[in-house]
1. Do any of A:Lys189/B:Lys263; B:Lys144/B:Lys253; B:Lys179/B:Lys273 go past 29 Å between their Cα atoms, and which?
2. Can you sort A:Tyr237, A:Tyr262 by 1.4 Å-probe accessible area, starting with the largest?
3. Give me, ordered by chain and number, the residues 5 or more places off A:Val240 or on other chains with an amide H under 5 Å from its own placed amide H.
4. Can you give the accessible area of B:Arg304 in Å² (nearest 10), computed on protein heavy atoms with a 1.4 Å probe?
5. Quick check for you: with a 1.4 Å probe and neighbouring chains kept, what is the accessible area per residue of chain B, in Å²?
6. Can you give me the Rg/Rh ratio for segment A:97-185, using Cα atoms for both radii and the Kirkwood formula for Rh?
7. When the Kirkwood radius is taken over all Cα pairs of the protein assembly as shown, what Stokes-Einstein diffusion coefficient follows at 25 °C and 0.890 mPa s, in µm²/s?
8. Could you tell me how many degrees, from 0 to 90 and to the nearest 10, lie between the Cα long axis of helix A:127-142 and the main elongation axis, the longest principal axis, of the Cα atoms of chain A?
Amino acid sequence: MSKKLKTAILGSGLIGTDLMIKIMRSPYLECTLFVGRNLQSKGMAKALSLGVKISDQSIDAIVKDPSCCDLVFDATSAKGHAVHAPILEKLGKLAIDLTPAQVGAMCVPGVNLKDCRGLKNVNMVTCGGQASIPLAYVVGQVHKDVEYIEVVSTISSRSAGPATRANLDEYIETTENGLKHFSGAARTKAILVLNPAQPCINMQTTVRATVAKPDMEALIPRVKEMVGIIQKYVPGYNLVVAPTLENNRIIMMVRVQGLGDYLPSYAGNLDIINCAAIAMAEEYAKNA
Amino acid sequence: MHKLLIHDVTLRDGSHAIGHQLSAAQVAAYAAAADKAGVPIIEVGHGNGLGASSLQVGESLLPDMEMITVARKNISRSKLGIFIIPGFATINKDLKPAVEAGADVVRVASHCTEADITERHISYAREKGKDVYGVLMMSHMAPKETLAEEALKMESYGAQGVILMDSAGAYLQNDVSEKVSALVRALTIPVGFHAHNNLGLAVANSVAAAEAGATIIDGSARGFGAGAGNTPIELLIGVFEKMGFATGVELYKILDASDIAEKELMKVLPFPKPTSIVSGLAGVFSGFSKHVERVALEYKVDPRDIFFELGRRRVVGGQEDLIVEVAIELSRKKELK
């Protein structure tokens with residue numbers, strides 16, 4: 001057991017709490033500290049029930065006891081990570097950033113997991129980015145001139161916590177940057193829609209692309225192959241509409257069902273970014 | 001009878017009817033005519049608000065900022081309004097440049113149960129000294145208690161009024177009276193109503209809203225808007241004048257402006273055609289109509305079946321991508337038969 005990589009979580013909200021449960025299941029990782037600002041929060045209660053050490057001292061908990069962990073997951077906010085990143089760097093901690101702070105290089109495991117191994121701070125982009133960038137990347141690999149990529153993600157209202165709601169602008173900006181970076185598209189656009197329907201809907205992401213000469217024959221098997229790669233670390237990731245030409249543009253859709261760890265399975269948006277972060281942390285652990 | 005603030009959405013919501021293809025000349029012509037009529041607020045931009053030009057809801061011909069600049073040049077009395085939905089628009093990309101280009105009135109909208117996503121955008125616009133309103137879209141989908149709670153959030157963020165939108169044209173008059181009065185009781189700021197004409201009730205519902213205490217009423221020239229259209233603003237002015245509500249809008253001149261709109265902006269007059277009636281009955285956003293018609297043709301399925309299936313799934317504005325998924329599903333079922 002002592003060989004597991006010691007990880008701490010900053011942020012005791014929905015993302016942080018779900019992440020903790022996933023770490024407890026990992027053969028490569030252990031959660032040595034769960035840090036928030038309020039000991040009374042639901043996340044803290046969950047940590048206590050799982051026997052995880054907790055603190056309400058924010059980043060100071062790690063500054064005061066640097067040996068507590070080797071890697072820190074930051075699930076606070078974009079503003080929070082901007083403050084935490086230099087501190088963690090100074091302490092020599094690996095940082096996996098789940099906020100849209102855009103400090104470290106963008107990591108999308110289905111696309112660039114191995115390239116991220118040598119980096120000290122990686123950014124997990126956004127939930128919509130994790131769902132769509134691998135598909136946009138394949139579109140860019142198959143087609144030379146990608147004019148435009150547009151991604152619409154619809155998530156269940158219940159799965160969007162206060163930080164997500166306050167950070168919609170950052171979500172859009174970060175997702176658009178990620179799409180551009182990985183697909184090579186000249187223009188990108190990201191849209192996020194919250195749907196309050198009961199029973200809650202699963203996360204759904206639609207990727208549309210405008211390219212000079214669509215090559216569907218080459219694209220479809222490559223997309224299916226990519227979906228297979230993602231399913232290895234996000235089991236509930238499914239292609240619901242395979243690439244098709246509609247109104248002369250490429251359209252495809254995926255639906256993400258979560259593992260149902262902290263929130264019910266409709267919260268595929270939390271699940272996919274956390275599964276991606278775990279995949280990255282395990283990659284560090286395997287190569288430590 | 002209280003005074004009503006008439007909010008003209010011709011150059012924003014009307015855009016849905018022509019696939020967001022308004023030109024600079026059209027914006028200039030109507031803005032000038034509405035200004036002459038003394039319309040208090042003229043709203044412009046993509047049909048789904050600034051920054052919404054996309055494959056998902058339709059790409060606009062004229063970039064939002066050009067629309068604002070053109071309208072600004074043609075308005076002297078009226079205030080210039082813009083509309084934004086967080087999730088489509090951002091402060092940096094859309095709101096900030098629009099405010100710098102001279103927008104006076106900012107409406108920040110969300111689905112009727114998601115008011116908290118408007119907080120930053122409402123506060124930003126207030127800090128810039130603009131008139132700021134919150135908008136609850138698809139308000140037929142939530143009970144009056146929820147609408148009041150959400151509207152109170154918008155008031156706490158700094159909104160100076162909250163508008164209930166009947167985005168699917170699904171309200172009957174009783175629904176309007178009940179929901180508008182609940183908001184009037186709960187809020188200290190003005191309440192508004194925005195009707196769609198899917199069931200032929202846009203004018204009647206607007207009257208019901210005013211009688212229930214709403215002081216902001218939306219309309220568009222000849223009802224220019226998606227599918228069955230909105231409330232014809234010239235009819236509103238006439239009816240309110242007859243009822244004794246003051247609007248400050250000159251009757252003859254708004255009638256003239258509506259003629260200009262019909263001649264210069266519109267391809268067909270909006271009317272509750274079968275797909276629009278079904279959209280209203282199914283409670284699906286009227287803005288879906290053009291997309292549903294196109295996709296239904298492409299996949300050879302009945303557009304009415306698409307609308308009812310979308311209604312069953314309780315889709316909200318911005319979920320236009322589901323139209324394709326539903327059409328593919330329906331066409332597969334058809335093949336199996």
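1. Numbers: A:Lys189/B:Lys263 35 Å; B:Lys144/B:Lys253 37 Å; B:Lys179/B:Lys273 27 Å.
Check vs 29 Å cut-off fails for A:Lys189/B:Lys263; B:Lys144/B:Lys253.
2. Numbers: A:Tyr237 0, A:Tyr262 60 Å².
In descending accessible area the options line up as A:Tyr262, A:Tyr237.
3. Result for A:Val240 returns A:Met253, A:Val254, A:Arg255.
4. 110 Å²
5. Working: 11930 Å² over 337 residues.
For chain B, the solvent-accessible area averages 35 Å² per residue.
6. Numbers: Rg = 13.3 Å, Rh = 13.6 Å.
The Rg/Rh ratio comes out at 0.98.
7. Values: Rh = 25.3 Å.
Taking Rh from Cα pairs, D becomes 97 µm²/s.
8. Orientation of helix A:127-142: about 40 degrees from the principal axis.
The values are calculated or read from the model by the stated rules, or taken from the named source; none is laboratory data. Computed from a prediction, not measured in an experiment: that's the story for all the values here. For neighbour counting, all protein chains shown are included, and Cβ atoms are generated from backbone atoms with ideal geometry for every residue, glycine included. Remember, those area values only see protein heavy atoms, side chains included, never the ligands or the DNA or RNA. Shrake-Rupley method; radii C 1.70, N 1.55, O 1.52, S 1.80 Å.
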